[in-house]
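Asker: Below: one structure in structure tokens.
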Amino acid sequence: MKKSTNIYYTCALLLSLVVSVNCKDKKDKEMKEETPKENISKVSITESNYGTTQDGKKVTQFFMKNEGGIEVDIITYGGRITSLRTPDKDGNMQNVVLGFDNLAQYEKDNPYFGALIGRYGNRIAKGKFSMGEEVYTLAQNNGENSLHGGIKGFDKQVWEAKTEVGENSASLILTYLSKDMEEGFPGNLSTTVTYTLNDDNSLDVLYEATTDKATVVNLTQHAYFNLSGDFSRTILDHVVEIDADTFLPVDGGLIPTGELRPVEGTPFDFREPKLVGQDISEDNEQLQLGGGYDHCWVLNGQQEGFRKVASAYHPATGRYLEVSTDEPGIQFYTGNFLDGTLPAPNNSTYAKRSGFCLETQHYPDSPNQEEFPSVVLNPGETYTTKTTFTLMTK
Ligand code: GLA
């Protein structure tokens, strides 16, 4: 009887040892799985202090990097991309977006370098629009028109930031609450813009917004690219393709006339890849009005939603940029107003056409043009739109 009890106890002890060893194995495994994703992610994100605005707000800079060699710097002031370093075809890393090296310069007057644009990217005629019975008056900060959200648009606000890291991506989540009637726009607009750098060398920009009163929204990103990485060169040697059969001709104030004009047989035909400099100096009324390209193209495939819409290629360095979006339009702006007054790296300045923008968006002046796709956001709805910039070489 005693013997069998002993055997019983020995068996129980052995069993519990086996179980506890198994449990330990399981725990070790779980611990491994619980290791913070930062340590195993192919994309990293770190932050540093970028200074303080004139009105005393702290600005942070975030630095994202993936294994494919893309490095992005973004500051919370205006959600601006201050640098985007990419390899050329021989692996040489260079920054390919125009920017400055300090906060004070970003706070001075500048043409939206690298910035998030809101509440309304592009122009609203005469700074006025109406919704229902109400007429809303905005700042006329571009001749008689309102441009890029007004005097203190989203490009000049300090955004709240948090980060998220996944296995193949890292995200910077920026939020900003634009108060009812800020810059003349109705409704408290709660805005989130998420920049995600992915392992496949794409940078997603996801825009989301909700409102408590009917309003208009058109958010975009205003990075100026020069894929040569040499900002003393113009972008006329880039090869651009835009998937659009029509574009929006403008008046003298760069407000669309309402016409959708076929690009066929005009300098605006980028359906096949074409050198930016090829037709830009042609004797063409629309080019004269824009001082070059500064127009909204009506993108094909709108019913498809998110799709590739444009690309830019710099043959000498092999750098190639692809732009995908679910937006109906893209403003292709060839930096015509850059005039050599703003400081560039190496004691130089940004000259005319030293950068181009591909601003995905709804059409300019949509609040006043009923035929254009609507930009109205109602309470209970969520504004969601995504644009992806993918950087490659070929
Ligand atoms: C936009 C406009 C241009 C110009 C720039 C900023 O892209 O379309 O006309 O105002 O912003 O200078």
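The values are calculated or read from the model by the stated rules, or taken from the named source; none is laboratory data. Everything quoted here is computed from the prediction, not taken from an experiment. Neighbour counts are summed over all protein chains in view; Cβ atoms, including those assigned to glycine, are modelled from backbone coordinates with ideal geometry. Heads up: the accessible areas ignore ligands, DNA and RNA and are worked out on the full protein's heavy atoms, side chains in. Shrake-Rupley method; radii C 1.70, N 1.55, O 1.52, S 1.80 Å.
Asker: I need the phi-derived Karplus couplings for segment 353-367: 6.51 cos²θ - 1.76 cosθ + 1.60, θ = phi - 60°, integer Hz, Gly and Pro marked x.
Answerer: Listing the rounded values in order: 6, 8, x, 10, 10, 10, 9, 6, 5, 7, 5, x, 6, 4, x Hz.
Asker: Still on this structure: Rounded, prolate or oblate: pick one for segment 284-323, where a ≥ b ≥ c are the square roots of the eigenvalues of its C-alpha gyration tensor, a/c under 1.5 means rounded, and failing that, prolate if a/b is larger than b/c, else oblate. Working shown, then result.
Answerer: Details: a/c = 4.17, a/b = 1.11, b/c = 3.75.
Taking the square roots of the gyration eigenvalues as a ≥ b ≥ c, segment 284-323 is oblate.
Asker: Using the Kirkwood radius built from alpha carbon pairs, what does the Stokes-Einstein equation give as D for segment 258-375 at 4 °C and 1.567 mPa s, in µm² per second?
Answerer: 82
Asker: Stokes-Einstein diffusion coefficient for the chain at 10 °C in a medium of 1.306 mPa s, Rh from the Kirkwood formula over Cα pairs: what value in µm²/s?
Answerer: Working: Rh = 22.7 Å.
It comes out at roughly 70 µm²/s.
Asker: Still on this structure: Taking all protein chains in place and a 1.4 Å probe, what share, in percent, of the accessible surface of segment 43-393 do carbon and sulfur account for? Intermediate values should be presented prior to the final figure.
Answerer: Details: 6110 of 13610 Å².
Percent of accessible area from carbon and sulfur atoms in segment 43-393: 45.
Asker: Using the Karplus curve 6.51 cos²θ - 1.76 cosθ + 1.60 with θ = phi - 60°, what ³J(HN,Hα) values do you get for each residue of segment 295-308, in whole Hz, with x for Gly and Pro?
Answerer: 9, 9, 8, 8, 5, 6, x, 4, 5, 6, x, 5, 7, 6
Asker: To continue, here is another question. Taking 0.36 nm per residue of sequence separation and subtracting the Cα-Cα distance, how much length would be gained by fully extending the chain between Glu285 and Asp90, in nm to one decimal? Mind showing how you got there, number by number?
Answerer: Details: separation 195, 0.36 × 195 = 70.20 nm, distance 4.11 nm.
The Glu285-Asp90 span can extend by a further 66.1 nm.
Asker: Rolling a 1.4 Å sphere over the protein heavy atoms, what is the accessible area per residue of the chain, to the nearest Å²?
Answerer: Numbers: 18020 Å² over 394 residues.
Accessible area per residue, the chain: 46 Å².
Asker: May I ask you to list the GluC sites (Glu not before Pro) in segment 156-242 that are in a DSSP loop and have at most 16 other Cβ atoms within 10 Å of their Cβ? Provide the component values of the computation, followed by the final result.
Answerer: Working: sites: Glu160, Glu164, Glu167, Glu182, Glu183, Glu208, Glu241; in loops: Glu167.
Counting only loop positions with at most 16 other Cβ atoms within 10 Å, the GluC sites (Glu not before Pro) in segment 156-242 are Glu167.
Asker: Charges only on Cβ, +1 for Lys and Arg, -1 for Asp and Glu: so what's the dipole of the chain about the Cα centre, in debye to the nearest 20?
Answerer: Numbers: 36 positive and 56 negative charges, 401 e Å.
In total the dipole reaches around 1920 debye.
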